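Here is the structure we will look at, set down as C-alpha cells.
The values are calculated or read from the model by the stated rules, or taken from the named source; none is laboratory data. Remember, it's a predicted structure, so these values are computed and weren't measured experimentally. With ideal geometry, Cβ positions are generated from the backbone for all residues, glycine too; neighbour counts draw on all protein chains shown. The protein model used for the area step is the full one, side chains on, heavy atoms only, and it has no ligands, DNA or RNA in it. Shrake-Rupley method; radii C 1.70, N 1.55, O 1.52, S 1.80 Å.
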Amino acid sequence: MKAQGRGARRLTAARLGPRDVLHVGSSGLRSRPMRVVLSALGIAIGIATMVAVVGISSSSQAQLLRELDKLGTNLLVASPGESMFAGQDVKLPEESTGMVGRIDGVQDVGATADLDASVLRNEKIDEDDTAGIAVKATTEDLLKVLRGEVGSGSWLNKATGRYPSVVLGHVSARRLGITEPGRQVWIGDRYFTVVGILDPLPLAPEIERSALVGWEGAKRLLDFDGHPTSVYERSTDASVRAVRAVMAATVDPRNPQNVKVTDPSSALRAKAATEGAFSSLLLGLGGIALLVGGVGVANTMIISVLERRYEIGLRRSLGATRGQIRIQFVTESLMLSGLGGLAGVALGAAATGVYARSGGLPWVVPPWAMGGGFAATLAIGTVAGLYPAVRASRLSPTLALHAA
C-alpha cells in the first residue's frame, strides 16, 4: 500500500496556453457569426459616437487655433462707449488714429468711421432697403492692421481713396449680387465703382458687412466730419496688456471713460475654449450607447452559456477546471467587445474625416480618444463576461450533460 501510495501520480488538469485560450474563446464566436455581428454592432455604435464627437470637436478647435495663429491675438479696437449724459453722442477725436500710433509697442493703426449713407444696386431702389450693409470711411492701413486679403480687385490707395471708389466686404458683395470688381453701386447721391472685394475677416465681421470708401473721398463726397468710429491697432504680443491699459486715455485724454477698448480675438478664444461644452452631452449619449452595447454583450454571453451547457459539461468531465471555463467565456466576451471596439474606432475616425473634409477643417482624432475608447470596450467586455463566465464554471458536469 505504501509502495502504491508512493508510486501513484496525482492527476492535474492540463494547462491552457495563450493560443489554446484564444482558440476555445473564439469557438463560440465562429459558430454564431450573425449573433456576433449584431452584438458587436452595439459596442461599435457607442465607441463610434464617442470617437466622432471628440474628433469633430478637436477638428473644430484646431481650425479655430489656426485662425488665431493666422490672425493673431494682438489686435485691439477702440470705439465710442456710452456717455455719462443720456442722449449725448460720443465721438472719438479726429486725431485719435495718430495718437494711438505713438503708443510704445504699437506697430500698425487703422480706422473706420460710420457714414450716414446707404449703398444700393442703383438709384431706383428704395434707400431704406439697405440689406444690412453699412457704409464706412476707412484709412489706407486698415487692411494691413486686420491682416485681411482682397479676394478680387485691389484695396483703396491714395488715388482711388479720393474718388468715388468702394471696396466691399465679402458678405456685402454677396448681398448686393456683385461677384467681381468694375460694377457700380449707388452711395449717397452718386455711383461709386467697386474696385475690390475682400476675403472673409473673422476678427472684423463688421467690415465683412460694409462698403468701404476712402477717408479723403468720404470727406469730399459724403460729408464726412473726420471723426473715427473705430480705431484698430496691432501691437507686439508682449505689449498687448500695456497698450490696452493706456489706449482709452490716449484716444480721448479728456474723457477716457467714454472710450471702449475691445479684443476681437477673445471671441475666437472663448469659442475654442468652450467648443467641448456641447460635446460633453454627446459624449454622455455615446457612453449610454456603449453601456447598452455592454448589456447586449452580457445577454449574448448568458444565452451562449445556456445553449452550450452540453459543451461545458463535456469539457468539465474531461478535466477542464472551473478557472479554465471562466477564462474561456471571459476571453470570448473580450474578443466580442474588442471586435466591436475596433469597428467603432474605425467608424468614428471615418465620420470625423468626412465631417472635416466637408467643412474644410483639419482632420484631428486625438490618440487618447481612440485608445480610451478601445480600452472602454475591453472594460465593458470584461464586466459583461464575468457573470456568464462564473455561471458557466459552476455548472455541474453531470447535470449539464443530463440537461443536454
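Running Debye on segment 217-257 with equal point scatterers at the Cα sites and no solvent, what base-10 log of I(q)/I(0) appears at q = 0.16, 0.24, 0.33 Å⁻¹?
For segment 217-257 at q = 0.16, 0.24, 0.33 Å⁻¹, log10 I(q)/I(0) is -0.58, -0.85, -1.12.
May I ask you to rank Leu221, Leu22 by accessible area, largest first, using a 1.4 Å probe over the protein chains only? Let's see the in-between values first.
Values: Leu221 25, Leu22 100 Å².
The most accessible residue leads, giving Leu22, Leu221.
Which residues does a label at Leu291 reach in segment 340-378, if reach means a backbone N under 20 Å from a point 7 Å past the Cα toward the Cβ?
Residues 341, 372-378 fall inside that zone.
Filter the DSSP H helices in the chain by two things, a Kyte-Doolittle mean of at least 0.0 and an axial alpha-carbon span of 15 angstrom or more, and list the hits by number. Please list the in-between numbers first.
Numbers: long enough: 18-31 (20 Å, -0.32); 33-71 (54 Å, 1.03); 240-251 (16 Å, 1.35); 277-307 (46 Å, 1.76); 322-359 (55 Å, 0.63); 367-393 (38 Å, 0.88).
Long hydrophobic helices here: 33-71, 240-251, 277-307, 322-359, 367-393.
In Å and from the alpha-carbon atoms only, list the Rg and Dmax of the chain.
My reading of the Cα-based Rg and Dmax gives 35.7, 127 Å.
Treat each spin label as a single point 7 Å out from the Cα along the C-beta direction, and report the Val150 to Arg66 distance in nm.
The answer from the label model is 2.6 nm.
Say R0 is 41 Å: what FRET efficiency, to the nearest 0.05, do Tyr387 and Ser239 get from their beta-carbon distance? Don't jump to the answer; show the numbers that get you there.
Details: r = 65 Å, r/R0 = 1.58.
Plugging the Cβ-Cβ distance into 1/(1 + (r/R0)^6) gives 0.05.
Considering only DSSP beta bridges with both partners in the chain, what is the antiparallel share in %, to the nearest 5? Can you show the working numbers first?
Numbers: 29 of 38 bridges.
The antiparallel fraction comes to roughly 75 percent.
With a 1.4 Å probe and every protein chain kept in, tell me what percent of the accessible surface of the chain is carbon plus sulfur.
57
Put Tyr191, Tyr387 in order of accessible area, largest first, 1.4 Å probe: what do you get? Walk me through the numbers before you get to the answer.
Numbers: Tyr191 80, Tyr387 135 Å².
So, going from the largest accessible area down, we get Tyr387, Tyr191.
What FRET efficiency comes out for Arg254 versus Thr73 if R0 is 45 angstrom and r is the Cβ-Cβ distance? Round to the nearest 0.05. Write down the numbers at each step before the final one.
Details: r = 30 Å, r/R0 = 0.67.
The calculated FRET efficiency here is 0.90.
Please report, in cubic angstrom per residue, the volume enclosed by the convex hull of the alpha-carbon atoms of segment 138-264. Mind showing how you got there, number by number?
On the way: hull volume 14.7 nm³, N = 127.
Hull volume over Cα atoms, normalised by residue count, gives 116 Å³.
Could you list log10 I(q)/I(0) for segment 29-165 at q = 0.12, 0.13, 0.14 Å⁻¹, which the Debye formula gives when each Cα is one point scatterer?
Computed log10 I(q)/I(0) values: -0.79, -0.87, -0.96.
Among all lysine pairs in the chain that are eight or more places apart or on different chains, how many have alpha carbons less than 30 angstrom apart?
So the count works out to 25.
Leaving out ligands, DNA and RNA but keeping every protein chain, what accessible area does Asp199 have, in Å² rounded to the nearest 10, with a 1.4 Å probe?
For Asp199, solvent-accessible area is about 60 Å².
Go through Arg322, Arg315, Arg19, Arg174 and list them by solvent-accessible area, largest first, probe radius 1.4 Å.
Arg19, Arg174, Arg322, Arg315
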